[in-house]
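The values are calculated or read from the model by the stated rules, or taken from the named source; none is laboratory data. Bear in mind that the values here come from a model prediction, so they are computed numbers and not experimental data. Using ideal geometry, Cβ is built from the backbone for each residue, glycine included, and neighbour counts are taken over all protein chains shown. All accessible areas refer to the heavy atoms of the entire protein, side chains included, with ligands and DNA or RNA removed. Shrake-Rupley method; radii C 1.70, N 1.55, O 1.52, S 1.80 Å.
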Amino acid sequence: MNQACPHAEAGAGAAASELRPIKIWPRKDSSRVPLWVYTDRDNYLRELEAVFYGPHWHMVGLESEIPNAGDFKRSVIGERSVIVTRTQEGELSVLLNSCAHRGVEICQTTFGTQKEIMCPYHQWTYDLKGNLMGVPFKRGVKGKGGFPADFDTAQHGLRTLKVESVNGCIFATFDHDAPPMREYLGDGNYEYLTRIFNGRKTKVLGYQRQRIKGNWKLYMENIKDPYHASLLHVFLISFGLYRIDQKGVTVTDERTLSHNVFASIRNAAGEVSGTEDMKSYRKDLKLNDMNLVSAAKEYEDDVTIQIQTIFPDLVLQQQGNSLQMRYVIPRGPDEFELQWTYFGYEDDSADTTLRRLRQANLTGPSGFVSVDDTEVLEYSGSGIRPNPSHIAVLELGGREGTAPVDGNMVTEGPIRGFYDYYRRVMYSQGGDTL
Amino acid sequence: MNDPVMHARVADLYTRYSETLCDLKIADWPEYFTDICLYRVVSRPNHDRGQLIGPMFAENKGALKDRVVAIRETLVYSSRSLTHLVNGVRIVSSEESTLRTRSMLAVYQTLIDGTTQLQLVGRTFDAIDASGPELKFRERVVVFDTELLAGALVYPV
């Protein structure tokens, strides 16, 4: 991180300086990431347009959260609030939570049931598909006022998003030309998504929310980085929940390089291989309550950890019997919200639910593993914000974006892959610069 | 519940519990609980929906000790100081040797280079075992309003 961006002249504009570096990427490959990418306001706005409101899918909920006709929930994509509803016909619809009249955020409730959507300000009323059904005083009062005769309610519905449910996990995108989820993810990543969302009805066990003072991309990088897991997370390592050499597979979507899965099987108890370079490994630690780490097999394979990143903002994890989604919501370049949805299946036994609740102690705002990440990402934010002309180095496992297929976890390949795709999305029109 | 001695003992329990956490004597924290116990920290929205997921959940003193080991030995976090303000401790009911209580709680956190911030506010719904010489928590359920937490919640409340 000690190299500075070249301070070349920025075209006809002002000269670059340490705090206002030229906004370029130093190399053709993504083995270098300039830190202005995490701090620059214009770059952030471009991200909202091109990444969050562009042809990418976002997880907006589970069908089990809105099981009946008229049920709705509020959700978020980027900085925009959306309403996820089940229509009277039982279909799913995702609508921008902003009135077509004057932009008011219509829905202020997290969950609910309704027959129609009415804006509280002037009572414009929409059906659950977002069609404008009526406006008060359309013809005025006693022949005075009202809308012009040619005012067409059909032209003033709520903005609708494209929706796809993958076995009950609801995704939405602002771009109606976005490819279907299977094509979007690629077969390998789709397979792992549907390993968890396998057709069994889900049941939400609860949510957790955190604000973290760092750029949103740092979170996706963190999950794409198995290097840190074996070093930072002493708890995982010391209690044998994860080792860098454990048997596993990595699956990278070939089209984008930006969706990844790591799926692996816990090493046998007592095995200490792969711990040689871990300064923080503590073989003396013993748990009093082994329930925390006692996982029961529940899928056909023996995978104990599956962690998947779906571009741009979703993480799906199985950690033993704990199933969660982590959804990243950007709040400006310097901060993001992390929304955790913990779930199981509708037909889980009481014992299974209890195992999921116990193992949830590993993650979330107080998680034995996740606290480390929350803290370190805030240190990242603190280290990056005042140093936008510095450059991050990502050379572990090479310089290309392709991730290894042999399960090798000693690599930053998935992070480089993320940035290869990100650069294509962000700077496709103006070369490799804003 | 009109026993003034018991009121004083309960008030003293909450004061000592808070002092222990304010003093960051985290190793002493599990000793406020019975061997088999319920400790749960859960957001108000989850709690109101009957959902049990929360930042912390333990079913016995051993699990509380495991959390102490994590906080002292394995977790990576910056140092901080905490002040717990407990208000309105009330004995709701008493049956045999179990007292049901509730209270209001505010926790302030101070990080290096940071001004003091309100970290968490909420209510507690506890069950206290009064059968032994010292009062102990058999259940402690902290229902917090601060669903959207600032960063990590490292220490118990």
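Brief remarks follow.
- Equivalent ellipsoid, segment A:75-150 (semi-axes from 5 times Cα gyration tensor eigenvalues, Å): 26, 14, 10
- Given their separation in residues at 0.36 nm each and the Cα-Cα distance between them, residue A:198 and residue A:352 gain 53.7 nm when the chain is fully extended.
- Helical mean residue ellipticity (222 nm; -39500 (n - 2.57) per DSSP H run of 4+; nearest 500) of chain B: -6500 deg cm²/dmol
- In chain A the Cα-Cα distances spread across 20 Å bins starting at 0 as 24, 53, 21, 3, 0 percent of all pairs.
- Average beta-carbon neighbours from other chains, 10 Å sphere, peptide A:224-237: 1
- When +1 charges are put on Lys and Arg Cβ atoms and -1 charges on Asp and Glu Cβ atoms, the dipole computed for segment A:180-251 relative to its Cα centre reaches about 440 debye.
- Note on residue A:102 and residue A:283: with the Förster distance fixed at 51 Å, the Cβ-Cβ geometry gives a FRET efficiency of about 0.20.
- For the pair A and B, the buried accessible area comes to roughly 3100 Å² in total, with a 1.4 Å probe and the value rounded to the nearest 100.
- Dipole magnitude for segment A:212-266: computed about the Cα centre from +1 point charges on Lys and Arg Cβ and -1 point charges on Asp and Glu Cβ, it is near 140 debye.
- Pairwise label distance in nanometres, residue A:129 with residue A:64, each label 7 Å out on the Cα-Cβ vector: 2.9
- Long pairs among A:217/A:283; A:115/A:201; A:73/A:162; A:217/A:247; A:247/B:65; A:129/A:203, criterion Cα-Cα beyond 23 Å: A:217/A:283; A:115/A:201; A:217/A:247; A:247/B:65; A:129/A:203
- Here the gap between residue B:117 and residue B:87, fully extended at 0.36 nm per residue and compared with their Cα-Cα distance, gives a gain of 8.9 nm.
- A dipole drawn for the protein assembly as shown from +1 and -1 charges on Cβ atoms has a positive end, and of A:99, B:74, A:113 the residue lying farthest that way is A:99.
- For chain A, with +1 on Lys and Arg beta carbons and -1 on Asp and Glu, the positive-most of A:216, A:56, A:153 along the dipole: A:153
- Across chain B, C-alpha contacts under 8 Å between residues 6 or more apart give a mean separation that, scaled by the residue count, equals a relative contact order of 25 percent.
- Distance in nm between pseudo-label sites at residue A:79 and residue A:379 (7 Å out along the Cβ direction from Cα): 3.0
- Mean accessible surface per residue for chain A, computed with a 1.4 Å probe while every protein chain stays in place, in Å²: 41
- Fraction of accessible area attributable to carbon and sulfur, the protein assembly as shown (%, probe 1.4 Å): 50
- Shape descriptor for segment B:4-144: Rg over Rh equals 0.96 (Cα atoms; Rh from the Kirkwood inverse mean 1/r).
- Buried on assembly, segment A:336-377 (at least 30 Å² less accessible surface than by itself, 1.4 Å probe): A:357, A:358, A:361, A:365, A:366, A:368, A:371, A:372, A:375
- Estimated dipole of segment B:4-144 in Debye, rounded to 20 [Cβ of Lys and Arg +1, of Asp and Glu -1, Cα centre]: 340
- A helix-only calculation puts chain A at -5000 deg cm²/dmol for mean residue ellipticity at 222 nm, using -39500 (n - 2.57) for each DSSP H run of at least four residues, averaged over all residues.
- Nearest-0.05 FRET efficiency for residue B:145 and residue A:154, computed from C-beta distance (R0 56 Å): 0.85
- Using 0.36 nm per residue and subtracting the Cα-Cα separation, the extra length available between residue A:400 and residue A:164 on full extension is 81.7 nm.
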